[in-house]
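This report concerns only the one structure given below.
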Amino acid sequence: MPRYRLWLLTVALWVSGCGGPFPQTTLEPRSDFGSAIDQLFTGIFWWAAGVFLVVETLLVITLIRFRHREGRPAPKPTHGHTLMEIAWTLAPAAILVFVAVPTVRTIFATAGEAPADALKVDVIGHQWWWEFRYRELGLVTANELHVPLGRAVQLSITSADVIHAFWAPPLGGKRDAIPGHVNRIAFRADRVGVYDGQCAEFCGASHANMRLRVVVDSDSGFGRWATVQLAGPAAPAAGTLAERGKAVFARSACIGCHTIQGVSPGVIGPNLTHVGSRATIASGLFPNDSAHLASWIADAPALKPGSLMTRMKPPLKDDDIAALVAYLASLK
Ligand code: CUA
């Protein structure tokens with residue numbers, strides 16, 4: 001390949017980084033936690049930029065001024081210059097203080113402490129999905145975490161199996177989800193929206209498919225959502241496909257792993273009581289529509305490598321799957 005083409009390719013690759021959108025950028029914080037990290041990052045960036053500028057300027061001046069020229073004697077090296085030695089010891093030490101003080105301050109500010117009235121949510125990592133338990137509300141959901149705008153939220157993060165890490169970049173830093181141990185994050189979201197996140201610790205075959213969403217609702221929006229989630233599951237109307245789906249659900253392996261309030265008690269997989277109200281399935285991997293639900297029920301491991309929801313034996317018939325899909329979709 002001629003060299004200019006290689007350059008063009010390299011430049012094109014660089015420029016493609018400017019395209020956006022950047023759903024998981026940390027540079028557009030949407031919470032007090034996110035802003036604290038962003039300010040720290042910006043401050044340290046400018047210190048680093050200043051150091052780079054000074055060092056590179058001195059280096060370039062030295063290269064030009066002291067380069068070897070015909071007939072010129074070698075420049076005289078400097079030895080034991082007390083003033084210079086004090087200067088290049090004190091200057092970096094001073095810069096490190098300016099970096100360390102805000103860093104330590106931010107570490108304490110983002111340690112996960114929250115006021116007593118904070119909304120408390122237990123976050124439990126599973127291979128490969130997220131469980132969210134709202135202790136005070138008595139509410140359990142999966143993969144889509146709803147929080148109210150402007151109210152302090154405290155997440156208590158742990159794991160049911162291996163080590164995962166909870167990370168919703170616009171809202172703050174990541175925290176490990178460790179079995180038998182609780183780590184905390186506290187934040188106050190400052191803009192309504194839907195924010196993508198994902199597991200940030202390698203946890204097995206579908207680590208990359210262990211996504212999540214944080215939905216920041218207005219205060220009233222959150223109240224409405226919680227009311228709907230707290231209600232029992234919708235009962236399908238008599239004679240509908242959904243009603244047949246409920247019967248299929250009740251006699252299939254589904255009940256061993258999934259909870260539907262009042263229908264089945266399983267706790268291995270996500271709680272499905274209001275699965276129809278979620279925007280995605282399979283931990284944020286696919287949109288929650290009939291086509292994806294049907295393929296998911298038929299063969300989850302084909303869509304998500306290693307999925308602990310295996311193919312059913314014997315496989316479900318197509319019309320049973322269609323009925324199941326209708327039932328799950330009705331669980332708003
Ligand atoms: Cu869970 Cu990576």
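Please treat every number below as a calculation from the coordinates, not as lab data. As the structure is a prediction and not an experimental result, all values here were calculated from the model. Here the Cβ is made from the backbone with ideal geometry for all residues, glycine too, and neighbour counts use every protein chain on show.
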Exercise. Compute the Kirkwood hydrodynamic radius of region 241-329, taking the inverse of the mean of 1/r over all pairs of distinct Cα atoms, and give it in Å to one decimal.
Key: 13.0
Exercise. Take peptides 290-296, 127-133 and line them up by average Cβ neighbours within 10 Å, highest first, as a rough protection proxy.
Key: 127-133, 290-296
Quiz item: When the Karplus curve 6.51 cos²θ - 1.76 cosθ + 1.60 is applied with θ = phi - 60°, which whole-Hz ³J(HN,Hα) does each residue of region 195-207 get, with x for Gly and Pro?
Solution: 10, 7, x, 6, 5, 10, 9, 4, 9, x, 3, 10, 3
Quiz item: Mind checking the log10 I(q)/I(0) for the chain at q = 0.10, 0.15 Å⁻¹? Debye, one equal scatterer per Cα, no solvent, two decimals.
Solution: -0.73, -1.24
Quiz item: To the nearest 10 degrees, how steep is helix 219-230 against the longest Cα principal axis of the chain, on a 0 to 90 scale?
Solution: 40
Practice problem: Mind pulling the per residue volume of the convex hull built on the Cα atoms of region 119-230? Å³ is fine. | Solution: 85
Practice problem: Using label points projected 7 Å from each Cα along Cα→Cβ, tell me how many nm separate Leu8 and Glu70, to one decimal. | Solution: 4.2
Quiz item: Considering only DSSP states other than H, G, I, E and B, which trypsin sites (Lys or Arg not before Pro) in region 26-79 qualify as loop sites with at most 10 other Cβ atoms within 10 Å?
Solution: Arg67, Arg69
Quiz item: Using alpha carbons only, how many degrees (0 to 90, rounded to 10) separate the axis of helix 32-65 from the longest principal axis of the chain?
Solution: 30
Quiz item: How far apart, in nm, are two points set 7 Å out from the Cα along the Cα-to-Cβ line at Ala91 and at Leu241?
Solution: 7.4
Exercise. At 7 Å along the Cα-to-beta-carbon direction for both Asp299 and Ala111, put a label point, then send me their distance in nm to one decimal.
Key: 5.2
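What GluC sites (Glu not before Pro) in region 1-97 are in a loop by DSSP, with at most 13 other Cβ atoms within 10 Å of the Cβ?
Values: sites: Glu56, Glu70, Glu85; in loops: Glu70.
Of the GluC sites (Glu not before Pro), the ones in loops of region 1-97 whose Cβ has at most 13 other Cβ atoms within 10 Å are Glu70.
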